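The values are calculated or read from the model by the stated rules, or taken from the named source; none is laboratory data. From a predicted model like this one, the values you see are computed outputs, not experimental measurements. Positions of Cβ are backbone-derived with ideal geometry, glycine not excepted, and every protein chain shown enters the neighbour counts.
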Amino acid sequence: MCGITGFYSPFLSRINSDEFSAFNSSLSHRGPDFSNIMRAKYSFLGHSRLSIIDLSANAHQPYTATASGINFSITFNGEIYNYIEIREELKSLGHTFKTLSDTEVVLKSYIEWGEKCYSKFNGMWALAIYNHSTHDLHVSRDRFGVKPLYLYFIDMGIFFASEIKAFASLPASLALTFDRILIKFLAKRPDNRSKLTKPISCLPAGHCLTINKSLELKFMKWWHLENHINSNSSFVESELNDEFHDLLISAIKLRTRSDAKICSSLSGGLDSSTIVSVQSDLLEKEQRDDYKAFIFEYNGQGHSELEYALSVCSHSNMPHTLISQGPGGKELNPQLLEDCIFSSEQLENLQIGPYLLYQSMQSEGYKVSIDGHGADEILGGYPQFAIPSLADAFVSGGSELFEETLDAWKSNDKSYMEQISFDYQRITQLIKEKHPTMDGMWMTRKRKHEFQSKTLPWILNTFDKLPMRHGIEVRSPFLDYRLVSFAFSLPNQYLVGNGYTKKILRQAFIGYLPKKVFTRKSKKGFLPSKDFLFKDSAVRKIINDVNSSAIFRASNFFDGDKVSRSIEKALQVNDLKTLSKFWPLIQTTIFATQWKKHMIL
């Protein structure tokens, strides 16, 4: 797990080694253990290492291997969890190994199988491989886009990096300009559409790109979810529960492979609670006693999940660290807020919770966190799945199945379904308005959309940037491709039923969880309310400082004087609604200011 950078051009002299080294060093927070660059005929490759597998210097990158007299070099960010099994397969084909790292396995897999090697990998990655014979550069990204890779196109060349902000650290003549184009790119959530945009783009999930010395691009989607969904629905429920159980256990076991300390983020929700409970059991059997949970709560916001998280720790005899933000908890300051905003590469949401959570993990010497991301998307757990699931139930089972499905969405925390009347005729009318063509497939389509293009890409972006700001690698067992393929083959009745959402997860792991977690229906998010944040003195100070700054008032993107007067009045009368309305402009200004500070003048 690391930060990677690169430059490919027939005119490589446009940047010298010192300048490229400065560009690479801008990602040192992602890889604080070692940093190095490599120069080839048409390419620079850079790497900042977070040592997780094979902690020795032998595994430093960029890494070069030779096959049939041809050198291949790689810079690789991620983890291939089944690297041990693939290494044995490669040994049987005659390959020898100098390291115990997954990096060498990745490179020799590419040498042996070319682009087909990606289908063998169970993991997450963004990588670049340079062929010293053909001088082609090949870049690739994992199936679901867990690890980011940004492409910055210039005249006669392409830069790439793990984070957008790295492009501010290029020489002034080459640096990416903070302008309306970049603001639009940052403001738009990643959606994994199969296209590249200039000057800045993100390589979509499940895609690879090869660049030759004529700067011709071969852009290809190598992973198609639809090709890996088994439509066989002939299994009995107990068999499906067993298969789901075994797949998740296997996914978690693979993700415990680490030469560094492992922990988990625990919210108290069903997903993270399952991960922590299973992980605790597995590591206890392996006699590893350094595993613990980290719990974050917005103290005083009124919907803390702490009681659920603590019940999991008690049930599993799990040590934990609690981080609170709010009255009596962690105090914020403007410098921390600025760093959080710049690290997140977002222009609207202040992700202070994850920032503080992973900062705490780093302070206790952890490098790996095994978390529960992806479960809601593959199992339809979000409130936005309510109407699609009800539409499908209405078509396939009539009023009885409809009522059973409706009961699963009722909760005790003012959820999405609590906001509308539970009148049968009212809801059926709403369904007909939203889904006039009802074919029983709305839930499936909605899950694919949230997974591939909407919620999950944004979550993965957030939970790469903020953990990696503190040198923490996040691993997500629910995004094991075997489990994802299996989940998308499930009929609706295994997702919503018996009065609960995510039915199969509850059924498969009923013995691992305390009853209050197993039976809870409420769904919380990680973002605090804007009202909660705007009551914090540090947040109000940074709003006031930015609002009164010359750069804000002289903005080229909005009427600075008019907005400033509105914010000043809102601060005086504690108008939180107005502060919320203009917060994205505050956050964008903070990001722009930090961008300019990182530029090499």
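When segment 49-82 is filtered for residues that are more than 27 Å from D480 (Cβ to Cβ) and in contact with a Pro (Cβ under 8 Å, 6 or more places away or on another chain), only S73 remains.
Of the helices (runs of 4 or more DSSP H) lying entirely inside segment 498-601, those containing at least 2 residues that are in contact with a strand residue (DSSP E or B) (Cβ under 8 Å, 6 or more places away or on another chain), modelled with pLDDT of 90 or more and within 30 Å of E377 (Cα to Cα) span 503-508.
State yes or no: is I229 farther than 14 Å from R141 by Cβ, surrounded by 12 or more Cβ atoms within 10 Å (Cβ to Cβ) and touching a residue at least 60 places away in the same chain (Cβ under 8 Å)? The answer is yes for I229.
Taken together, the criteria place S51 among residues that are touching an Asp or Glu at 6+ places or on another chain (Cβ under 9 Å) and over 23 Å from K120 (Cβ atoms). Candidates S101, S21: the one that is of a type in the set (G, A, S), assigned by TED's automatic domain parsing to the domain that holds S140 and surrounded by fewer than 21 Cβ atoms within 10 Å (Cβ to Cβ) is S21. Of all residues in segment 412-444, those satisfying the criterion of being at pLDDT 70 or above, assigned to a loop (DSSP other than H, G, I, E, B) and not charged (D, E, K, R) are G440, M441. Contact map, segment 546-557: residues that are in the same structural domain as F582 (by TED's automatic domain parsing) paired with residues that are among the charged types (D, E, K, R), Cβ distance under 6 Å, separation 6+ or inter-chain. Pairs shown: R553/D561. Taken over segment 265-288, residues that are more than 20 Å from L466 (Cα to Cα), at pLDDT 95 or above and touching a strand residue (DSSP E or B) at 6+ places or on another chain (Cβ under 7 Å) amount to 2. Residues in segment 37-95 that are β-branched (V, I, T) and surrounded by fewer than 17 Cβ atoms within 10 Å (Cβ to Cβ) were compared, and the one that is farthest from the chain's Cα centre (by Cα) is I70. On inspection, Q346 does not qualify as touching a His at 6+ places or on another chain (Cβ under 9 Å) and either polar (S, T, N, Q) or under 28 Å from L483 (Cα atoms) (or both).
Can you tell me which residue in segment 223-255 is nearest to F296 (Cα to Cα), limited to those that are modelled with pLDDT of 95 or more and outside any helix (DSSP H, G or I)? Result: R255.
Each residue in segment 255-292 was checked for being in contact with a helix residue (DSSP H, G or I) (Cβ under 8 Å, 6 or more places away or on another chain), closer than 24 Å to Q507 by Cβ and of a type outside the set (S, T, N, Q), and 11 pass.
When each of D179, D191 is tested for being over 21 Å from K221 (Cα atoms), assigned by TED's automatic domain parsing to the domain that holds Y110, surrounded by fewer than 23 Cβ atoms within 10 Å (Cβ to Cβ) and among the acidic types (D, E), the lone residue that passes is D179.
In segment 98-198, counting only strands (runs of 3 or more DSSP E) that sit wholly within it, the ones holding 3 or more residues that are in contact with a strand residue (DSSP E or B) (Cβ under 6 Å, 6 or more places away or on another chain) and of a type outside the set (A, V, I, L, M) span 123-131, 137-141. You will find that of E85, E112, the residue that is free of Cβ contacts under 8 Å to residues at least 12 places away in the same chain and closer than 29 Å to D480 by Cβ is E85 and no other.
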